[in-house]
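Chemist: Here you go, one structure.
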Amino acid sequence: MLLDWGYVAIFAIVGTLLAAMPLFVIWLISPRSDYPQKFETYESGVPAIGQAWAQFNVRYYLFSLVFVVFDVEIIYLYPWAVVYRKAGAVAFYDMLVFLAILTLGLVYAWRKGALEWV
Amino acid sequence: MSWSHELWRAIEGTVLIFSGVAVLAAMFGVLLERKISGWMQSRLGPKHVGPQGLLQTIADTIKLLQKENIVPRNADATIFASAVLVVPLAALLDYVVIPFGTTRFGPLIFRDLNIGVLYFAATSSLVVVGILMAGWGSNNKYALVGGLRSASQMVSYEIPMGLALITVALLAGSLSTVKIVAAQARWWYAVEQPLAFLIFLTAAVAEVNRVPFDLVEAESELVAGYFSEYTGMRFALFQLGEYGEMFAMAAMAVTLFLGGWRGPVLPPVLWFVIKLYALIFVFIWVRWTYPRFRIDQLLNFAWKVLIPVGLANLVATAFFVMVVRR
């Protein structure tokens, strides 16, 4: 078990190094020339107006909030799916109640207009 | 086995998977996509570098290696630079749990985690972190809009994908990908669970930001979306991440729904590759068949169609398993 995650950790570490390798290569061989216009932010050829770090549509937040609720609840379904056969009918009715609450949440968000893109 | 032996095996496997994905998924995948796109549009596609244009992507990679690395003055340099590593790494972490075939010594897999499916769900959604970092770090309006769209799109489609994964885990009674392949000895889950298969494929196309769900990098509106500001090799690493993720999704679909490496006569690894490229062909085919969605249509489709259908399918499957299989 611990060995499994050791493997994953090594994959992540060695993988990061491998992904960084081409960056090291271009650091060695790529040409460098400096002139100020090159480091401008791209905005279709005209000088960029202001920063991009400004206010943006609040809808994006709403969707991520609804997502967090659903994703956390779905995590509970994974262990349930594994033991389902052994647990028998109780597991089915228990999960029916759980999913009913989940669906209620979806209906609530839907009726409240959290899923509308205006 | 001694720990140094284990360490060596792990490093070996990582290097093998990385180079395999870089060559077979990214380089060959790009070429395949350009060739098939050309074929579908009655044109030739790349033709001049090497026989029939076969070496085109290698030439492109060499070209990109010689390009300068530009960091815009207004960008957040740390986030801008590290996003490049997050995207390909997140895509490649998926391959840890994919069984590529089987040999006399057991399944050909980097590590058969006992929570493989959950692990896949977790790592495949890590890509969105990288994309958001790139979009925010660039301090470019196109990149930011691309990053935000990607975040809302990928998190929305993760839920139907999770529901499809759970349905399969329920049937197999396990989260280990090797055991799920073993459970498909009689029937592929695509036959038993066509609805879950369709949901998974749709969500997979959305997760990798391809047409018709490519609002993230909609060329006609957002230049190149979240990687507008990236040059040279950094751009190539994003491509690697994108194609790596696309192939990982297809490989997972093969593992969970198309019987993995199972098949008659031919060796298992070959079967896996055939099924994998067949699904990749479907992805490219879809690209040239459907126009792009609007963002409200896209999110509505996830929340108001796929999630309710996925939930109903899960309950129906659970009921079926309880009544029939006990």
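The values are calculated or read from the model by the stated rules, or taken from the named source; none is laboratory data. As the structure is a computational prediction, the values presented were derived from the model and not from experiment. Using ideal geometry, Cβ is built from the backbone for each residue, glycine included, and neighbour counts are taken over all protein chains shown.
Rundown of residues vs (1) assigned to a helix (DSSP H, G or I); (2) in contact with a Pro (Cβ under 6 Å, 6 or more places away or on another chain); (3) under 26 Å from residue A:77 (Cα atoms), yes/no style:
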residue: B:249; (1), (2), (3): yes, no, yes
residue: B:277; (1), (2), (3): yes, no, no
residue: B:307; (1), (2), (3): yes, yes, yes
residue: B:318; (1), (2), (3): yes, no, yes
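Chemist: Just checking, does the range B:250-272 include any residue being within 12 Å of chain A (Cβ to nearest Cβ), among the polar types (S, T, N, Q) and surrounded by 19 or more Cβ atoms within 10 Å (Cβ to Cβ)?
Modeler: The answer is no; no qualifying residue exists.
Chemist: Does residue B:72 meet the test of being over 19 Å from the mean Cα position of the chain (by Cα), modelled with pLDDT under 90 and closer than 14 Å to residue B:234 by Cβ? Walk me through it before giving the result.
Modeler: Values: over 19 Å from the mean Cα position of the chain (by Cα): yes; modelled with pLDDT under 90: yes; closer than 14 Å to residue B:234 by Cβ: yes.
The answer is yes for residue B:72.
Chemist: Same structure again: Every residue in the range A:71-118 that is farther than 17 Å from residue B:302 by Cβ, in a helix (DSSP H, G or I) and small (Gly, Ala, Ser), please.
Modeler: Within the range A:71-118, A:81, A:87, A:89, A:91, A:100 meet the criteria.
Chemist: Quick check on this structure: which one of A:33, A:64 is part of a helix (DSSP H, G or I) and of a type in the set (S, T, N, Q)?
Modeler: One residue alone meets the criteria, A:64.
Chemist: Test residue B:90 against the stated conditions and say whether it is touching an Asp or Glu at 6+ places or on another chain (Cβ under 8 Å) and within 14 Å of chain A (Cβ to nearest Cβ).
Modeler: yes
Chemist: What's the number of the condition residue B:71 fails, among (1) part of a strand (DSSP E or B); (2) of a type in the set (Val, Ile, Thr); (3) at the interface with chain A (Cβ under 9 Å from one of its Cβ atoms)?
Modeler: Every listed condition holds for residue B:71 apart from (1).
Chemist: Still on this structure: Quick one: which helices (runs of 4 or more DSSP H) sit completely within the range B:114-175 and have at least 1 residues that are more than 10 Å from chain A (Cβ to nearest Cβ) and touching a Phe, Trp or Tyr at 6+ places or on another chain (Cβ under 9 Å)?
Modeler: Of the helices (runs of 4 or more DSSP H) lying wholly inside the range B:114-175, those with at least 1 residues that are more than 10 Å from chain A (Cβ to nearest Cβ) and touching a Phe, Trp or Tyr at 6+ places or on another chain (Cβ under 9 Å) span B:127-137, B:141-172.
Chemist: Given B:38, B:45, B:53, B:106, which one is free of Cβ contacts under 8 Å to residues at least 40 places away in the same chain, on the phi > 0 side of the Ramachandran plot and surrounded by fewer than 18 Cβ atoms within 10 Å (Cβ to Cβ)?
Modeler: On the way: B:38 fails: on the phi > 0 side of the Ramachandran plot; B:45 fails: surrounded by fewer than 18 Cβ atoms within 10 Å (Cβ to Cβ); B:53 fails: surrounded by fewer than 18 Cβ atoms within 10 Å (Cβ to Cβ).
Sole residue among the options that is free of Cβ contacts under 8 Å to residues at least 40 places away in the same chain, on the phi > 0 side of the Ramachandran plot and surrounded by fewer than 18 Cβ atoms within 10 Å (Cβ to Cβ): B:106.
Chemist: Could you please let me know if residue A:38 is among the charged types (D, E, K, R), more than 22 Å from residue B:159 (Cα to Cα) and modelled with pLDDT under 80? Break it down stepwise before answering.
Modeler: Numbers: among the charged types (D, E, K, R): yes; more than 22 Å from residue B:159 (Cα to Cα): yes; modelled with pLDDT under 80: yes.
So residue A:38 fits the description; yes.
Chemist: Tell me which residues, restricted to the range A:30-66, are surrounded by 10 or more Cβ atoms within 10 Å (Cβ to Cβ), of a type in the set (A, V, I, L, M, F, W, C) and either within 7 Å of chain B (Cβ to nearest Cβ) or more than 20 Å from the chain's Cα centre (by Cα) (or both).
Modeler: A:39, A:48, A:52, A:53, A:56, A:63
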